[in-house]
Amino acid sequence: MIAETVCSAVSAAGLGIAAITAYRKRFLAAARITAYSLVPIGLVMTGVVEWLADTAFSPTAWAGFGVLGLAWALFATTRVVERRRGGTRKERRAARTAGRPEAVAPAASAPSLGQGGQGSRSASRPAAASRGEDDFSDIEAILKKHGI
């Protein structure tokens, strides 16, 4: 009952300010102030204020808000963990099974320290070309561009 009285007083004060603003020939601002001042009385008339007052003093309602907050926190946490792992369980499993046959390149086991830099590059190019793998040609072009 007190909330309804306060909302009515706020609306009446807002309408008074809107009338003064309209008297000063600022009609756009007066219309905006009128709109804002009608909101509290509209909330009282629809019953929202009474519902909020009942909710504010209800321990069950506050427990419900706590449960909703916990649910939101769990959703957010699982989403962050899922993004860090790289997708859903099905996506990770598909990535693992697709990546197994070509996990290690055939020439990766050969040591590159003793062959002397540029000689190892020229030796590895014909081997890749003979296998017909030009999947890495764009990567090689980028590396050449940067002098690597």
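For the pair Arg26 and Asp138, how long in nm is the line joining their label points, each one 7 Å along Cα→Cβ?
6.0 nm
Which peptide among 67-80, 18-31 comes first, and what is the full order, when sorted by highest mean count of other Cβ atoms within 10 Å?
18-31, 67-80
Please compute the modelled spin-label separation between Phe75 and Ala35, points set 7 Å along Cα→Cβ, answer in nm with one decimal.
Label-label distance for Ala35 and Phe75, simple model: 3.0 nm.
In percent, how large is the relative contact order of the range 3-78, given Cα pairs closer than 8 Å and 6 or more residues apart?
In percent, rounded to a whole number, it is 30.
Around Ile2, what is the net charge, scoring Lys/Arg as +1 and Asp/Glu as -1 over all other residues with Cβ under 15 Å from its Cβ?
-3
With a 1.4 Å probe and all protein chains kept in place, how much accessible area does Ile139 have, in Å² rounded to the nearest 10?
The accessible area of Ile139 comes to roughly 80 Å².
Give the dimensionless ratio obtained when the Cα radius of gyration of the range 23-103 is divided by 2.2 N^0.38 Å. Write out the running numbers ahead of the final one.
Values: Rg = 26.1 Å, N = 81, 2.2 N^0.38 = 11.7 Å.
Taking N as the residue count of the range 23-103, the ratio is 2.23.
The values are calculated or read from the model by the stated rules, or taken from the named source; none is laboratory data. Just so it is clear, the structure is predicted and the values come from calculations on it, not from any experiment. Using ideal geometry, Cβ is built from the backbone for each residue, glycine included, and neighbour counts are taken over all protein chains shown. For accessibility, only protein heavy atoms count, side chains too; no ligands or nucleic acids. Shrake-Rupley method; radii C 1.70, N 1.55, O 1.52, S 1.80 Å.
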